[in-house]
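The structure under discussion appears below in the form of structure tokens.
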Amino acid sequence: MILRDEIRDIALKFPGHGYRRITAGLQHRGDPANHKRVQRLMLLDRLLCRKKEKKEEEKKEEKKEEKK
């Protein structure tokens, strides 16, 4: 439970950090943290970052490439 609390604290303090940055931060602090465990705990607590949406121009370019 201690690891889960630390993950939650970091994720709420830095909402743009994903599981990789949080894992690195925990390891820097000296906590043994496996990236798979951190990702699983963040998924259970719904703390994972959302993927950025593509811009309209990028979407149009992809459609053009698909037509070729």
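Quick note: the coordinates plus some simple rules give every number you see, no bench work behind them. Note that the coordinates shown come from a computational prediction; the quantities given were computed from them, not determined experimentally. Counting neighbours? That spans all protein chains shown, and the Cβs are built from the backbone with ideal geometry, glycine included.
A cut-off under 13 angstrom between Cβ atoms defines the neighbours of Arg40, and their net charge, with Lys, Arg +1 and Asp, Glu -1, is +3. In the chain, the longest principal axis of the Cα atoms and the axis of helix 19-29 are about 30 degrees apart.
Less than 12 Å Cβ to Cβ from Arg29, Lys/Arg counted +1 and Asp/Glu -1: what total charge do the surrounding residues give?
That works out to -3.
Mind listing which trypsin sites (Lys or Arg not before Pro) in region 1-50 are in a DSSP loop and have 12 or fewer other Cβ atoms within 10 Å?
When the trypsin sites (Lys or Arg not before Pro) of region 1-50 are filtered for loop state and at most 12 Cβ neighbours within 10 Å, Arg46, Arg50 remain.
Which one is right for this structure if mean projected area of the Cα convex hull in nm² is calculated from it: (i) 5.1; (ii) 8.2; (iii) 6.2? Looking at mean projected area of the Cα convex hull in nm² for this model, the match is (iii). Assuming charge only on the beta carbon of Lys and Arg (+1) and of Asp and Glu (-1), the dipole of the chain about its Cα centre is about 220 debye to the nearest 20.
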